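Have a look at the structure below before the remarks.
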Amino acid sequence: MGGDRSSRGTEQAAARGIAGGVRGPRHCRAGREGGTSQRAPPGPGVPGAFDRAHRSRGASWQAPLARGPAPPGWRSAGRRRLTQPGGASLNGRPVSGVLFDYGNTLITFERPGAALGEAYRAIAARLRAAGLDPPTPEILLRDVHDRVEREVTAHVRSGSLEEIDLVDAARRAYADLGLAPDPGVLDEILHLEQESWWQGVAVDPQAIPTLDELRGRGLRVGLCSNAPYRVRSMHEQLDHFGIAAHLDSVTFSAEVGWRKPSPRIFEAALGALGARAEATVMIGDSIDDDIGGARAAGMLAVLVRRDPLERAAAPRAGVFATVHELREVIPLLFGDRRV
């Protein structure tokens, strides 16, 4: 799925009758190369498994994100830009970095019913090929996918800041159906499931132009998302929609093991971006996760409010500014109208 699984996003999804978010990008090498979520327990045949102790070490274990070509006129040395931020500020504080939320900020999403049905037909066939005897695709969809999504929603609403282990939740759901796919097969079917969710993603048409404009003016731009799903699929989702090449760093909660508003995920995201908290702006749609978490981490915060009914609402405590469209971030930070 594509996140962000904030409490606000979960409630919005429930209001639309959606069971989950959007399944499926500084980068964790295990996340890019490994098959299962890094939260899967270590063991033979589980690519991408990692020591849970890494979670407490923030971004120190993360590797740089490969970037796309530099805009015309930029000088670069390896992967570092030599241009300096061009006078960005917010609330009188200089800004050198920006972190964006993902779901309901850079993208929106709807449950892709037809694509999920097709994915679970393929999943049933893969299980049979592995010598297992699965029930119908409809039962698999209900008793695995929808059950896991309910667990994710319950976990978000519980207020726990440690991220849920979705791979383990899926493993238990299959076990209750009398199925025990080996780690390689489980990874394959999770990939099929998450890839189907790409059919429900809509990238905000202002997202990539806004990312490029900010980077073109010398700011470092990253993503910080609550997404408990298979990490490699999340990075593949960003690649698929052409977003990854426009970011300097990406931090998913499934990689860190902690979700917003935990200070641990913000610490990891700042380390990945190579930015200081006091000079970084978090932009997102969740008051608690994005705004409250960023403020507690010493960052600036900008709230995204697209709903016309919310635009007239009184300002919220801790919000330095509110934007209704992503392109409004440019004049907000630079004090001009060039987009």
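Within the stretch 280-309, residues that are within 16 Å of I107 (Cβ to Cβ) and assigned to a helix (DSSP H, G or I) reach partners that are among the β-branched types (V, I, T) and modelled with pLDDT of 95 or more with beta carbons closer than 9 Å, at six or more positions or on different chains, in the pairs D290/T105; D290/I283; D290/V302; D290/V304.
Filter the stretch 278-292 for residues that are among the acidic types (D, E) and either outside the structural domain of T105 (by TED's automatic domain parsing) or surrounded by 22 or more Cβ atoms within 10 Å (Cβ to Cβ) (or both) and give the result.
Step one: of the stretch 278-292, the residues among the acidic types (D, E) are 278, 285, 288-290.
Within the stretch 278-292, D285, D289, D290 qualify.
Could you please let me know if E195 is surrounded by fewer than 23 Cβ atoms within 10 Å (Cβ to Cβ) and under 17 Å from the mean Cα position of the chain (by Cα)?
Values: surrounded by fewer than 23 Cβ atoms within 10 Å (Cβ to Cβ): yes; under 17 Å from the mean Cα position of the chain (by Cα): yes.
Yes, satisfied.
The set of residues in the stretch 119-146 being in contact with a helix residue (DSSP H, G or I) (Cβ under 6 Å, 6 or more places away or on another chain) and in a loop (DSSP other than H, G, I, E, B) consists of A130, P134. Being assigned to a helix (DSSP H, G or I) and farther than 22 Å from P261 by Cα: is that true of H155 here? Considered against the rule, which asks whether it is assigned to a helix (DSSP H, G or I) and farther than 22 Å from P261 by Cα, H155 comes out as no. Inspect the stretch 96-118 for any residue being assigned to a helix (DSSP H, G or I), among the polar types (S, T, N, Q) and within 30 Å of L326 (Cβ to Cβ) and give the result as yes or no. Within the stretch 96-118, none of the residues are assigned to a helix (DSSP H, G or I), among the polar types (S, T, N, Q) and within 30 Å of L326 (Cβ to Cβ). As a summary of the residue check, V201 satisfies the conditions (1) closer than 30 Å to D290 by Cα; (2) surrounded by fewer than 14 Cβ atoms within 10 Å (Cβ to Cβ) except for the one numbered (2).
The values are calculated or read from the model by the stated rules, or taken from the named source; none is laboratory data. These figures come from a predicted structure and were not determined experimentally. Every residue, glycine among them, receives a Cβ derived from its backbone with ideal geometry; neighbour counts consider all protein chains shown.
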